[in-house]
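**Q** Before I ask anything, let me first share the structure, which is written out below as structure tokens.
Taken together, the values in this text are just the output of simple stated rules run on the coordinates, not laboratory data. Everything quoted here is computed from the prediction, not taken from an experiment. Cβ placement follows ideal geometry from the backbone for every residue including glycine, while neighbour counts extend to all protein chains displayed.
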Amino acid sequence: MNLLQITKKFPTQKACIEHLEQLRWKGTPVCTFCESEKVSKLKNESRYHCNKCNRSFSVLVGTIFEETRMPLQNWFYSIGLMLNAKKGISAKQLQRDLGLSYKTAWYTLMRIRCALSDNVQFLRGVVQMDEVYVGGKPRKGNIRSKGNVITTLDKKNKRGRGTDKVKIVGIAERGKHGKVVAEVMERLTTKNLMALLKKHVSKNDSIVVTDGFKAYKQLEESFNHVTINHSKQFSKDGMDLNQIENFWSILKRGISGQYHYISKQYLPFYLAEFTYRYNNRQNKEVFEDTIKVSVKKPKCVENYKGGNRKVKNC
Ligand SMILES: [Zn+2]
């Protein structure tokens with residue numbers, strides 16, 4: 001849905017609230033604290049009073065919109081803008097588009113990412129597994145004299161494997177509607193890669209395609225495994241790594257073009273955003289579906305406000 005359509009469908013705060021109430025309660029309001037149906041509507045407000053636990057609540061309690069002072073139309077616009085921006089939208093851009101403060105724009109986008117984070121996918125068929133490294137361009141090493149010998153600090157010049165950059169591992173299902181999963185991985189070991197595969201890929205009816213990196217070698221013990229040696233060829237028996245590389249290129253361009261820099265602690269939230277958008281690239285109802293998941297989400301703001309910044313329990 002584009003912004004004009006969102007404006008037409010949700011012209012007022014009341015229209016947004018009614019839509020969320022319909023999605024969440026389907027016409028019968030339920031107390032958000034004790035789940036009692038014995039509730040009364042408060043006059044002139046979008047709030048209800050629970051006759052059982054004596055508390056008042058609105059449809060926003062327990063969702064990503066909880067305690068917001070921003071009009072819901074702005075939330076809906078933000079969701080629309082984020083979903084329509086293939087390579088993401090920065091808080092600065094949202095600030096300009098909607099006239100928000102930077103802080104509000106940043107929190108809005110992070111909360112929406114929370115809603116998108118429950119993107120558990122199960123893949124089958126031909127799946128491509130690969131990893132990517134993010135964390136700035138490699139810098140030229142300093143030339144430092146070591147006794148009489150001048151050495152270059154080669155480590156700083158390296159790209160990809162063997163560097164201190166953040167590692168992201170992804171699995172993509174081949175095909176027009178193929179889904180993708182991506183996770184930050186501390187160490188690229190066979191055990192970790194296998195755990196990711198087992199979590200997301202159907203073992204019996206899948207073929208896993210990887211490059212020749214040694215940590216992938218033992219995958220063939222549990223999965224049908226095809227290795228493509230990139231120093232010799234880029235496809236083998238019609239199989240390649242193009243789909244996952246396509247996703248990496250969207251992600252990398254998004255990070256470098258829109259966000260410029262993402263700290264490691266927030267990276268899982270951005271991955272949730274990019275994978276969600278990619279997985280819904282053919283979904284014409286993506287805006288409506290996102291509003292649906294956003295009211296069903298338990299409160300997850302603590303995950304990026306406090307110490308536990310994992311996206312898992314979002
Ligand atoms: Zn109650």
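**Q** Subtracting the Cα-Cα distance from 0.36 nm times the residue separation, let me have the gained length for ASN2 to ARG96 in nm, one decimal.
**A** Working: separation 94, 0.36 × 94 = 33.84 nm, distance 1.77 nm.
Stretched fully, the ASN2-ARG96 segment lengthens by 32.1 nm.
**Q** Rounded to the nearest 0.05, what FRET efficiency do GLN22 and GLU66 have when you use their Cβ-Cβ distance and R0 = 22 Å?
**A** Numbers: r = 18 Å, r/R0 = 0.83.
The value I calculate is 0.75.
**Q** With no solvent and one equal point scatterer per Cα, compute the Debye intensity ratio I(q)/I(0) for the range 175-223 at 0.13, 0.15, 0.24, 0.27 Å⁻¹ and report its log10, rounded to two decimals.
**A** Debye intensities relative to I(0), on a log10 scale: -0.31, -0.42, -1.05, -1.26.
**Q** Taking a label point 7 Å from the Cα of PHE122 along the Cα→Cβ vector, which residues of the range 191-231 have an amide N closer than 17 Å to it?
**A** 196-207
**Q** Please report the orientation-averaged projected area of the range 50-89, defined via the convex hull of its C-alpha atoms, in nm². Let's see the in-between values first.
**A** On the way: hull surface 14.5 nm².
Computing the convex hull of the Cα atoms and averaging its projections yields 3.6 nm².
**Q** Compute the distance in nm between two label points, each set 7 Å from the Cα along the Cα-to-Cβ direction, one at SER222 and one at HIS177.
**A** Placing both labels 7 Å beyond Cα along the Cβ direction yields 2.8 nm.
**Q** Also, quick follow-up: Return the Rg/Rh ratio of the range 1-122 with Cα-based radii and a Kirkwood Rh. Intermediate values should be presented prior to the final figure.
**A** Details: Rg = 16.0 Å, Rh = 15.9 Å.
Result: Rg/Rh = 1.01.
**Q** On to the next question. Of LYS8/LYS87; LYS87/LYS203; LYS8/LYS41; LYS8/LYS284; LYS9/LYS292; LYS179/LYS252, which pairs sit farther than 24 Å apart, going by alpha carbon to alpha carbon? Let's see the in-between values first.
**A** Values: LYS8/LYS87 26 Å; LYS87/LYS203 32 Å; LYS8/LYS41 27 Å; LYS8/LYS284 18 Å; LYS9/LYS292 15 Å; LYS179/LYS252 18 Å.
Exceeds cut-off: LYS8/LYS87; LYS87/LYS203; LYS8/LYS41.
**Q** Ranked from highest to lowest mean number of other Cβ atoms within 10 Å per residue, what is the order of the peptides 66-75, 105-114, 227-236?
**A** In decreasing order of mean packing, 66-75, 105-114, 227-236 become 105-114, 66-75, 227-236.
**Q** Further question on the same structure: Under a 5 Å amide H to amide H cut-off, with H placed in plane at 1.01 Å, what residues pair with ILE207 once short-range neighbours are removed?
**A** Residues meeting the amide H criterion: GLY125, VAL126, VAL127.
**Q** Still on this model: Which whole-Hz couplings ³J(HN,Hα) result when phi for each residue of the range 218-232 is put into the Karplus expression 6.51 cos²θ - 1.76 cosθ + 1.60, θ = phi - 60°, listed in order with x for Gly and Pro?
**A** Taking θ as phi minus 60°, the curve returns 7, 4, 5, 5, 10, 10, 5, 10, 10, 9, 10, 7, 5, 6, 10 Hz for the range 218-232.
**Q** If you take the Cα atoms of the range 185-251, find Rg, then find the Kirkwood Rh from the mean of 1/r over all pairs, what is Rg/Rh? Working shown, then result.
**A** Numbers: Rg = 12.2 Å, Rh = 12.8 Å.
That ratio is 0.95, to two decimals.
**Q** Let me ask something else. What distance in nm lies between label points placed 7 Å from Cα along the C-beta direction at ASP237 and LEU188?
**A** Once both label points are built, they end up 2.4 nm from each other.
**Q** Over all Cα pairs of the range 16-83, how is the pair count split among 5 Å bins, expressed in % and running from 0 up to the last occupied bin?
**A** Pair shares across the bins are 3, 16, 26, 26, 15, 8, 5, 2, 0.
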